[in-house]
Ligand SMILES: Cc1ncc(COP(=O)(O)O)c(C=O)c1O
């Protein structure tokens, strides 16, 4: 087809539209997400680096261990169905047998009796969190979150015009004493707190698994004040030795806890299949706020086929060993090449190392030096709601996606970047 020359109508419309400011039509929420911050993940702007950087920024599965063949076979079986089920609308809650398969896994792994009615399928866990926000947040409501926390969820909360109030955390998870004081302070001010967002298992970015004592304390505080807990469990199945302490949803007997789950980190982020797990009354409130006619029935069926006969368990066994090995490789290389400039605590699961810088090094200076040496990573500030890392001394290193050889080389380059940043510091502050 040939492209028609612009018609007088198009010219007229172009002139008229040129006079409009799109922001006069933009929703309050979209304006609230001011330009620039919406896609700021703490990475540097693209630069023309002399050496192509090795990225330690991607918290996604290893590309060489995606179960491609098994997924192709599962897709073939799904498409081979005698009816047209995989290729027509599937309803808002998602494919019943996949929700059933999830219920069976939760019952087996978490020691809780749940059914398919406790699940709705979503567009990844990011979609699950967005849907929970749609169901429970009004503009100005408060969400309490750990600091630091996953930057993507901070963006979602901002998009729903919530105020995010943070509580501190360490390697045993959220400081629940701090949580209690924060809840009481906010309640005293007449604020409406809707939920407490936590990443209890192998936290992004800190790697922490919340201790059992803090889990129990958190559940008591939330129930006492009638505040829901939203447990973002993207990494719970990626553990290296023992699993994290018992899930908040299991400890609570299902009361007041919403869990966001996903196949993204277990299998592949491109699937875009996740779920909300909660009491059926909560699932019902979430389903009311779905307007996109559900997610792909085809993918739901493919995943069901894939999970049959234990393929997911088998895959998880393999990748848990792989990520544990990659973490060991990176940790050893960092100790060899980057001491005394940084320290970290090795996590027991997940994809991330949260690194604290020493010797006066600042994260932004190290990031710039890293790019010159050929290694890239996000800065800590992206994981705080006000976009300020209180000390300016944190970076996050992901070890899941990068190859083993590149992890060693990245640490070597980071070591040189540390030296470079330290030199710069010395020149700026001569004795
Ligand atoms: C803590 C956490 N929650 C949610 C997500 C979003 O994952 P999904 O692909 O399931 O939407 C991520 C992705 O990095 C994450 O780290």
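Residue 281 - would you say it is surrounded by fewer than 22 Cβ atoms within 10 Å (Cβ to Cβ), out of contact with any helix residue (DSSP H, G or I) (no Cβ under 9 Å at 6 or more places or on another chain), assigned by TED's automatic domain parsing to the domain that holds residue 105 and at negative phi? The answer is yes for residue 281. Can you find a residue in segment 3-21 that is closer than 30 Å to residue 257 by Cα, exposed (fewer than 11 other Cβ atoms within 10 Å of the Cβ) and either over 23 Å from the mean Cα position of the chain (by Cα) or in contact (Cβ under 8 Å) with a residue 24 or more places away in the chain (or both)? Within segment 3-21, none of the residues are closer than 30 Å to residue 257 by Cα, exposed (fewer than 11 other Cβ atoms within 10 Å of the Cβ) and either over 23 Å from the mean Cα position of the chain (by Cα) or in contact (Cβ under 8 Å) with a residue 24 or more places away in the chain (or both). Would you confirm whether any residue within segment 276-294 is under 23 Å from residue 70 (Cβ atoms), within 21 Å of the chain's Cα centre (by Cα) and within 16 Å of the ligand (Cβ to nearest atom)? There is no residue in segment 276-294 that is under 23 Å from residue 70 (Cβ atoms), within 21 Å of the chain's Cα centre (by Cα) and within 16 Å of the ligand (Cβ to nearest atom). Those helices (runs of 4 or more DSSP H) of segment 202-301 in which at least 1 residues are closer than 22 Å to residue 352 by Cα, considering only elements entirely within it, cover 212-225, 248-251. Scanning segment 347-362 for residues that are more than 19 Å from the chain's Cα centre (by Cα) and surrounded by fewer than 21 Cβ atoms within 10 Å (Cβ to Cβ) gives 356, 358, 359, 360, 362. Assess whether residue 56 counts as being at pLDDT 90 or above and either closer than 28 Å to residue 272 by Cβ or in the same structural domain as residue 114 (by TED's automatic domain parsing) (or both). Answer is yes for this residue. Can residue 208 be described as buried (at least 21 other Cβ atoms within 10 Å of the Cβ), within 11 Å of the ligand (Cβ to nearest atom), in contact (Cβ under 8 Å) with a residue 40 or more places away in the chain and within 22 Å of residue 156 (Cβ to Cβ)? When the stated conditions are applied, residue 208 does not pass them.
A residue that is within 16 Å of the ligand (Cβ to nearest atom) and closer than 19 Å to residue 384 by Cα occurs nowhere in segment 176-183. The set of residues from segment 153-165 being buried (at least 20 other Cβ atoms within 10 Å of the Cβ) and over 15 Å from residue 30 (Cα atoms) comprises just one member, 153.
The values are calculated or read from the model by the stated rules, or taken from the named source; none is laboratory data. Since this is a predicted model, take the numbers as computed values, not measurements. Note: ideal-geometry Cβ built from the backbone for every residue, glycine included; neighbour counts use all protein chains shown.
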